[in-house]
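What follows is a short report on a single structure.
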Amino acid sequence: MKGWDDMELLERLTEEDPAIAQAKKVLEKMGSDPRAKEIYEQRLKAIMDRNSELYEALLKGKREGKAEGKAEGRAEGKREGRLETARAALQKGLGAELVVEITGLPLETIQKLKQEITDG
């Protein structure tokens, strides 16, 4: 029962609450039995180790998710940039094949953009 500065308070609580009284008895018994204390400490360590592993996994997942999101954002940004370049080139009258060469976008995409420009 280390850590209790106010033994008087503990005694009062054990008198008022049977659950606290029972917990106190168990802790006292465990404290006097070296094997029970060892088992308790091993279990506590296992729980703390597991919690630490879970926390590290959570942090790793967040880092990986963030990196993946950034990569997807960059890829989407590059694609949007190529689409804008293609639109501008088509509006200037460049041929679809040349715009494909410049942007690396598929011919079908360029043809759709060209159609949008002429329709719109």
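The values are calculated or read from the model by the stated rules, or taken from the named source; none is laboratory data. This one's a predicted model, so the numbers in the text were calculated from it and none came from an experiment. Cβ atoms come from the backbone with ideal geometry, glycine included; neighbour counts cover every protein chain shown.
Before moving on, here are some points about what is shown:
- Pairs with Cβ under 7 Å, 6+ apart, first in region 95-120 and farther than 11 Å from Arg82 by Cα, second surrounded by fewer than 12 Cβ atoms within 10 Å (Cβ to Cβ): Ala96/Leu107; Ile117/Gln91
- Scanning region 85-100 for residues that are part of a helix (DSSP H, G or I) and surrounded by fewer than 12 Cβ atoms within 10 Å (Cβ to Cβ) yields Ala88, Gln91, Glu97.
- Lone unmet requirement of (1) small (Gly, Ala, Ser); (2) exposed (fewer than 12 other Cβ atoms within 10 Å of the Cβ); (3) within 30 Å of Gln115 (Cα to Cα) for Gly69: (3)
- Residue count for region 17-48, restricted to those that are surrounded by 12 or more Cβ atoms within 10 Å (Cβ to Cβ) and of a type in the set (Gly, Ala, Ser): 4
- Odd one out for Lys114 among (1) exposed (fewer than 11 other Cβ atoms within 10 Å of the Cβ); (2) in a helix (DSSP H, G or I): (1)
Listed here are the residues, each with its yes/no results for (1) modelled with pLDDT under 85; (2) under 30 Å from Val100 (Cα atoms); (3) among the hydrophobic types (A, V, I, L, M, F, W, C).
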| site | (1), (2), (3) |
| --- | --- |
| Asp6 | yes, no, no |
| Gln22 | no, no, no |
| Lys25 | yes, no, no |
| Ser32 | yes, no, no |
| Asn51 | no, no, no |
| Gly61 | no, no, no |
| Glu68 | no, yes, no |
| Glu72 | no, yes, no |
| Glu80 | no, yes, no |
